[in-house]
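Trainee: Just dropping this structure here.
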Amino acid sequence: MRLIAIVCFCLVGWWSARAETPALLPYNSAHWKQTMLIGAATPDKAQKVQAEIWFLKPDNMRVVVAAEGKRQVIIIKNKTALVFEEGGTMGMKMPLKQQMLDQLAQFTEVFSKLDTWKKAKVGEEKLGDKACEIYGFSDKSGGQTATGKVWLWAEKNFPMRMTMESQGQSVTIEHSDVQVNEGVSPAMFEPSADVKFIEIPSGAGK
């Protein structure tokens, strides 16, 4: 089914292949845009993943991914995942499974690792109007070691930029239009009434 393309699209390289279940984000609410560049030293040759993310405590999340000229949506709410194309009329509704959380972790894993990475401060830099502290880190997972830096917006404890390299492959994440604890409407986690969902039973695919 074409709608499942969003799930496959999330599997981008070693970053998400070993991703763990994302922890709840350390904010009451958040909304931001994310650009991820994967696998090349120059932006014009890298694979680009663009997303917009909304979060509302404790476990509501909406992820919109731009892919092939479309905007595809995953909504996580009440232990259920809704998957559909923005502007479309058909979607899938399924019980939230570990596999879906693993794939979504590419967008949120940096938040669960902040406390681990905030050890070695290597500098400070202002990104736009946001004063950031820069931390260097080394991250070991699956027998491989990755090194990188994270630019942390000090006022909100929010990562604005992250760079990481492992075995000749690189990942750069940029966050923009960030709003933290400024109120995200619960309506963001409700699909349009025009979308009709096919329910996928919990035992499907076993």
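Trainee: Mind checking whether some residue in the range 45-52 is among the small types (Gly, Ala, Ser), farther than 19 Å from Lys156 by Cβ, surrounded by 14 or more Cβ atoms within 10 Å (Cβ to Cβ) and modelled with pLDDT of 70 or more?
Mentor: Checking the range 45-52: at least one residue is among the small types (Gly, Ala, Ser), farther than 19 Å from Lys156 by Cβ, surrounded by 14 or more Cβ atoms within 10 Å (Cβ to Cβ) and modelled with pLDDT of 70 or more.
Trainee: Which of the strands (runs of 3 or more DSSP E) contained wholly in the range 114-183 include at least 2 residues that are farther than 21 Å from Leu25 by Cα and among the charged types (D, E, K, R)?
Mentor: Qualifying strands (runs of 3 or more DSSP E): 120-127.
Trainee: Every residue in the range 120-138 that is surrounded by fewer than 15 Cβ atoms within 10 Å (Cβ to Cβ), farther than 25 Å from Gln179 by Cα and not hydroxyl-bearing (Ser, Thr, Tyr), please.
Mentor: Within the range 120-138, Ala120, Val122 qualify.
Trainee: Now for a separate question. Would you mention how many residues in the range 78-91 are in a strand (DSSP E or B) and in contact with an Asp or Glu (Cβ under 8 Å, 6 or more places away or on another chain)?
Mentor: 1
Trainee: Quick check: is even one residue across the range 157-173 hydrophobic (A, V, I, L, M, F, W, C), surrounded by 14 or more Cβ atoms within 10 Å (Cβ to Cβ) and free of Cβ contacts under 8 Å to residues at least 40 places away in the same chain?
Mentor: yes
Trainee: What pairs come out if I take residues in the range 116-131 that are free of Cβ contacts under 8 Å to residues at least 24 places away in the same chain and pair them with residues that are not hydrophobic (A, V, I, L, M, F, W, C) whose C-beta lies under 7 Å away, six or more apart or interchain?
Mentor: Cβ pairs passing all conditions: Lys119/Tyr135; Ala120/Tyr135; Ala120/Gly136; Lys121/Glu133; Lys121/Tyr135; Glu124/Glu133.
Trainee: Being surrounded by 19 or more Cβ atoms within 10 Å (Cβ to Cβ), more than 15 Å from the chain's Cα centre (by Cα) and at pLDDT 90 or above: is that true of Trp153 here?
Mentor: Judged against the criteria, Trp153 is a match.
Trainee: Out of curiosity, is Asp102 within 30 Å of Gly148 (Cα to Cα), charged (D, E, K, R) and either in contact with a Leu (Cβ under 9 Å, 6 or more places away or on another chain) or at pLDDT below 80 (or both)?
Mentor: When the stated conditions are applied, Asp102 passes them.
The values are calculated or read from the model by the stated rules, or taken from the named source; none is laboratory data. These numbers were taken from a predicted model, which means no experiment stands behind them. Reconstructed Cβ throughout: ideal geometry from the backbone, glycine too, with neighbour counts over all protein chains shown.
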